[in-house]
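In what follows, a single structure is set out as structure tokens and then discussed.
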């Protein structure tokens, strides 16, 4: 009977389940973005948690279509935001609770990882590059902007140390706050990205001033400046271009400083914002001039998903089997 691993992730804005086989092939990858009322800039934890509980049964319907030849060897759940003590967020209690229950019913092993480790593993999936034992990862999503010094562990997960990021709002929050004010649905990044991907950097305005101190960025100032431009009637395309141009400039400086501080030249970008076509094109070009090797995860696995969670469970289970 073929062995497989079930992964569950319940993040701030997406309910996800995934099943991978022993080799690492993805058998199931089901996700549902949580509903956010138009004009709102996010969800309360209680509202997100309720939607996860409603979504999970629907996402599991496809699991019944797995061939009888497949046997779920373990369930792996994202149970907290980061792989550190006291890391907690209510939404992850859903994946933890369902994961434990399903593992008990199936009589299989239950494993936990963090949402951040899930993002790293998911981003690494399908990248044709063998990262060294230590590398820099930049996690840029709706609620997180962190520059991480990552060390591979011998078993499940990664050793992670925060070495930079934002000192106020995240890059995702900066984008979504501007996008919602422009009239886009939340999350707004994909709509703004579509407007600017073919424009280059052609606009009639000065670049937004953004503070970058060593490895930390601050976007509250650019947010205020951009809101003023919107109030002046500047069109959506120019506003979107100024927003992404500002982000690329800040990330470039912070990543260069992080590489200097650590001596590491390999950088992985992950999280929902890392799926931006504009960001990928312009940041790679900027950092290549500094001999910094930048890798973006496949856009499908940069956004929230449970593939990384399932793959981490696979590593844990099948490494154990080869050691016994």
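Consider residue 41 carefully, then state whether it is touching a residue at least 12 places away in the same chain (Cβ under 8 Å) and under 16 Å from residue 306 (Cα atoms). Talk me through it step by step, then tell me what you get.
On the way: touching a residue at least 12 places away in the same chain (Cβ under 8 Å): yes; under 16 Å from residue 306 (Cα atoms): no.
It is false that residue 41 is touching a residue at least 12 places away in the same chain (Cβ under 8 Å) and under 16 Å from residue 306 (Cα atoms).
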> Among the residues of the stretch 48-75, which ones are touching a residue at least 12 places away in the same chain (Cβ under 8 Å), under 22 Å from the mean Cα position of the chain (by Cα) and in a helix (DSSP H, G or I)?
Replying inline: 48, 49, 51, 52, 53, 55, 56, 59
>> If I go through the stretch 1-25 residue by residue, how many of them are surrounded by fewer than 19 Cβ atoms within 10 Å (Cβ to Cβ) and part of a strand (DSSP E or B)?
In response: 3
> Residues in the stretch 289-320 that are part of a loop (DSSP other than H, G, I, E, B) and buried (at least 18 other Cβ atoms within 10 Å of the Cβ): how many?
Replying inline: 6
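Can you tell me how many residues within the stretch 14-46 are over 30 Å from residue 319 (Cα atoms) and in contact with a strand residue (DSSP E or B) (Cβ under 6 Å, 6 or more places away or on another chain)? So that I can check it myself, show each step before the final result.
If we filter the stretch 14-46 for residues that are over 30 Å from residue 319 (Cα atoms), which is where we start, we get 32-46.
Within this subset, residues satisfying the condition of being in contact with a strand residue (DSSP E or B) (Cβ under 6 Å, 6 or more places away or on another chain) are 32-33.
Here the count works out to 2.
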> Has the stretch 234-254 got any residue that is at pLDDT below 95, more than 22 Å from residue 194 (Cα to Cα) and surrounded by fewer than 22 Cβ atoms within 10 Å (Cβ to Cβ)?
Replying inline: no
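Which of the residues spanning the stretch 104-119 are in a helix (DSSP H, G or I), closer than 25 Å to residue 64 by Cβ and touching a strand residue (DSSP E or B) at 6+ places or on another chain (Cβ under 8 Å)? Show your work before the answer.
Step one: of the stretch 104-119, the residues in a helix (DSSP H, G or I) are 104-106, 115-119.
Right, trim to closer than 25 Å to residue 64 by Cβ and you get 104-106, 118.
Residues satisfying the conditions are 104, 106, 118.
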> Looking only at the stretch 28-38, which residues are crowded, with 19+ Cβ neighbours inside 10 Å and without any contact (Cβ under 8 Å) to a residue 24 or more places away in the chain?
Replying inline: 34
>> Being closer than 20 Å to residue 79 by Cα, in contact with a helix residue (DSSP H, G or I) (Cβ under 6 Å, 6 or more places away or on another chain) and part of a loop (DSSP other than H, G, I, E, B) narrows it down to one residue among 122, 142; which is it?
In response: 142
> Given the structure, is residue 39 in a loop (DSSP other than H, G, I, E, B) and outside the structural domain of residue 187 (by TED's automatic domain parsing)?
Replying inline: yes
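Could you say which residue among 97, 78, 101 is outside any loop (DSSP other than H, G, I, E, B), out of contact with any strand residue (DSSP E or B) (no Cβ under 6 Å at 6 or more places or on another chain) and surrounded by 15 or more Cβ atoms within 10 Å (Cβ to Cβ)? Lay out the reasoning, then the answer.
Details: 78 fails: out of contact with any strand residue (DSSP E or B) (no Cβ under 6 Å at 6 or more places or on another chain); 101 fails: surrounded by 15 or more Cβ atoms within 10 Å (Cβ to Cβ).
Within the list 97, 78, 101, the selection yields 97.
Give the number of residues within the stretch 125-158 that are under 12 Å from the mean Cα position of the chain (by Cα), modelled with pLDDT of 90 or more and buried (at least 22 other Cβ atoms within 10 Å of the Cβ). Spell out how you get there, then give the answer.
First, the residues of the stretch 125-158 that are under 12 Å from the mean Cα position of the chain (by Cα): 137-146.
Subsequent filtering for residues that are modelled with pLDDT of 90 or more retains 137-140, 145-146.
Narrowing further to those that are buried (at least 22 other Cβ atoms within 10 Å of the Cβ): 137-140, 145.
Qualifying residue count for the region: 5.
The values are calculated or read from the model by the stated rules, or taken from the named source; none is laboratory data. Treat the numbers as computed from the prediction; the structure is a model and nothing was measured. Here Cβ is always computed from backbone atoms with ideal geometry, including for glycine, and neighbour counts include all displayed protein chains.
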